[in-house]
Amino acid sequence: MHPAPDEGHPESAPLRVPSEGPLLRGAATLARDLAESKASAVAASFPDAIVIGADTIVVGHDVILGKPTDAEDAGRILRLLSGRRHHVVSAVAVQHRARGVRLADSVVTAVWFRPLRDEEIAAYIATGEPLDKAGAYGIQGRAALFVDRIEGDYFNVVGLPLLRLAALLEQAGVPVL
């Protein structure tokens, strides 16, 4: 079941703040709130089940980069990320309504893109892949060729920080191995 709460991601009007530290903290809070909202929406219908919600936000150059509104916006976002470092913030929430379990946490990973040529950006956008992803790219897809390096959890950049999820599941009493 896929809940459809309003994700509240800034789309065409990015949030601007004076420094990266407060923005990353704000992005982590927003991602956790959204992950919890998604989990709560499903847990309401399945109170006896362990429910997982997740959300990912990309932060670069003092802006939160949501999902692109269209191909032009995807190009703008990818040009902003080209040749630079940005951060991916993913949050995960674990809930079991009947047992009163409500856990959430977030993970931040730094990602460096190599400089991108306009032709590469256009070809990538033509695939349709970036149009439904925060930051206009999926590291697990064709955009893997844009990534120079990462510092942190690869699975966090994919959108589900597995190590953190496993820790939350264990905390909720769900063995993962």
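Got a sec? What order do Thr127, Thr69, Thr109 fall in by accessible area at 1.4 Å, biggest, i.e. largest, first?
Final ranking, largest accessible area leading: Thr69, Thr127, Thr109.
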Quiz item: Who wins for biggest fluctuation among Glu151, Glu119, Glu72 in a Gaussian network model of the chain, springs between alpha carbons below 10 Å?
Solution: Glu119
Quiz prompt | Given charges at beta-carbon only (K, R positive; D, E negative), |dipole| of the chain in Debye | solution = 340 debye
Quiz item: Once fully extended, how much extra length lies between Phe46 and Leu131, figured as 0.36 nm per residue of separation less the alpha-carbon to alpha-carbon distance?
Solution: 27.5 nm
Self-check item: Space enclosed by the convex hull of the alpha-carbon atoms of the chain, per residue, Å³
Solution: 115 Å³
Practice problem: Apply 1/(1 + (r/R0)^6) to the Cβ-Cβ distance of Ala167 and Ala98, taking R0 = 22 Å, and write down the FRET efficiency to the nearest 0.05. | Solution: 0.50
Practice problem: Have a look at Ile77, Tyr137, Ser106 and report the one farthest towards the positive end of the charge dipole of segment 11-166, computed about the Cα centre with Cβ charges (Lys/Arg +1, Asp/Glu -1). | Solution: Ser106
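The values are calculated or read from the model by the stated rules, or taken from the named source; none is laboratory data. Because the structure is predicted, anything quoted here is derived from the model rather than measured. Glycine gets a Cβ as well: all are built from the backbone with ideal geometry, and neighbour counts include every protein chain shown. Quick note on the areas: whole protein, heavy atoms, side chains included, nothing else; ligands and nucleic acids left out. Shrake-Rupley method; radii C 1.70, N 1.55, O 1.52, S 1.80 Å.
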